[in-house]
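Down below is the structure, laid out as structure tokens.
Each value in this text was obtained by applying a stated rule to the coordinates, not by laboratory testing. In this text the structure is predicted, and so the values were computed from the model without any measurement. With ideal geometry, Cβ positions are generated from the backbone for all residues, glycine too; neighbour counts draw on all protein chains shown.
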Amino acid sequence: MPRVKAPSAASLSVWLSEQRALVENGLERSLAPKDARCAAVHDSMRYTLLLPGKRLRAILVLATGEMLRQERARLLPAACMVEMIHASSLILDDLPCMDGATLRRGKPVNHLVYGEATAVLASVALLMRALEIPGLEAASGRWEPQVAAEVGRRLSAAVGSEGLIAGQIVDLASVGKSLEFDALEYIHSHKTGDLFIAAAEAGGVLAGARPRELESLHRYAKNLGLAFQIGDDLLDATGTPETTGKDTGLDRGKTTFVTFAGQSGAQRLIGELLDAARGALAPLGERAEMLHALAEHLRHRTR
């Protein structure tokens with residue numbers, strides 16, 4: 001394990017709050033002005049996108065880029081892009097044909113507020129708006145064309161039919177079935193991990209990371225994302241809507257890491273994955289201080 005001095009819990013909390021505020025201010029400015037004729041879909045887009053959240057994926061973009069001494073202004077559009085993609089996926093996840101959820105971040109889910117049809121359109125619109133961002137940044141001269149293309153490619157792949165969607169379709173097909181460990185890892189690494197990886201890599205690409213640095217970020221984010229998803233499994237099994245801000249017990253009938261390994265086994269696996277994530281940062285040295293701290297922050301999360 002690399003010996004990197006971690007910031008105090010108080011300083012980490014301040015840093016996370018600052019990063020979240022930066023992202024949320026960027027998101028406020030990022031959506032196109034409302035057209036009165038399609039106000040409902042814009043309201044629906046903003047509803048889920050702007051619900052208070054951890055912004056962990058967006059923070060990964062900022063943290064990896066800033067570690068490599070890139071300015072926030074260059075990184076923020078990619079951080080907003082990641083949050084739009086994530087919000088789009090949450091709207092779909094919560095639909096009756098998917099998880100059938102009722103709560104998200106302590107509020108009614110999108111389709112219960114705006115209706116299923118508008119929610120689906122809002123999800124697609126958020127995804128399309130996200131995928132506009134690299135082109136807009138390149139056209140303005142703020143991102144080099146090859147950098148814009150690479151950021152767009154990595155994030156598009158993360159959400160596509162061999163990324164998040166692959167994990168989701170296999171997850172849906174697994175209800176009522178007993179899964180082996182490899183199948184469970186496949187679901188979680190695609191459904192959650194791929195967007196973590198693309199977020200970390202986007203920050204690296206925008207900062208001109210070398211191949212070895214990108215490989216370290218890839219391995220870090222892969223382990224971090226899987227640990228985060230196993231944490232979600234634990235919260236679904238042990239938490240309450242009051243503590244988590246969302247429905248619990250939705251994984252009944254599915255094989256999860258908790259049903260596979262038990263609560264203590266799942267917690268142990270989270271620790272091993274976070275240790276592996278931190279180990280992947282060794283080539284980056286003390287520059288990776290905040291990425292180490294972010295991994296530690298997830299070790300005992302409660303929501």
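For the chain, the tally of Lys pairs with Cα-Cα distances below 14 Å comes to 4, considering only residues 8 or more apart or on different chains. Think of each Lys and Arg Cβ as +1 and each Asp and Glu Cβ as -1; about the Cα centre, that makes the dipole of the chain roughly 580 debye.
Label segment 197-303 by shape, choosing from rounded, prolate and oblate, from the square roots a ≥ b ≥ c of the eigenvalues of the Cα gyration tensor; if a/c is under 1.5 it is rounded, and otherwise prolate applies when a/b is larger than b/c, oblate when it is not. Write out the running numbers ahead of the final one.
Values: a/c = 2.41, a/b = 2.19, b/c = 1.10.
The shape class here is prolate.
What's the center-to-center distance, using Cα atoms, between segment 47-119 and segment 244-281 in Å? Taking the Cα centre of each part, segment 47-119 and segment 244-281 sit 21 Å apart.
For a paramagnetic label modelled on LEU250 (point 7 Å from Cα along Cα→Cβ), amide N atoms under 19 Å away belong, within segment 24-46, to 44-46.
Using the Karplus relation 6.51 cos²θ - 1.76 cosθ + 1.60 with θ = phi - 60°, the per-residue 3J(HN,Hα) values for segment 160-171 come to x, 6, 10, x, 4, 5, 4, x, 5, 5, 5, 4 Hz, with x marking Gly and Pro. If R0 equals 22 Å, the separation of the Cβ atoms of HIS300 and LYS54 corresponds to a calculated FRET efficiency of about 0.95. For MET290, the shell of other residues with beta-carbons less than 11 Å away shows a net charge of -3, using +1 for Lys and Arg and -1 for Asp and Glu. A simple count of charges around ALA158, restricted to other residues whose Cβ falls under 12 Å of its Cβ and scoring Lys, Arg +1 and Asp, Glu -1, yields +2.
For a test of the definition: using alpha carbon positions, the gyration tensor, and the 1.5 limit on a/c, classify segment 126-230 as rounded, prolate or oblate. Before the final figure, lay out each step's value.
Values: a/c = 3.60, a/b = 1.75, b/c = 2.06.
Taking the square roots of the gyration eigenvalues as a ≥ b ≥ c, segment 126-230 is oblate.
Amide H contacts for LEU179 (H built 1.01 Å from N in the peptide plane; partners 5 or more residues away or on another chain; cut-off under 5 Å): THR255.
All Cα-Cα distances of the chain, cut into 20 Å bins from zero to the largest, leave 34, 60, 6 percent in each bin in turn.
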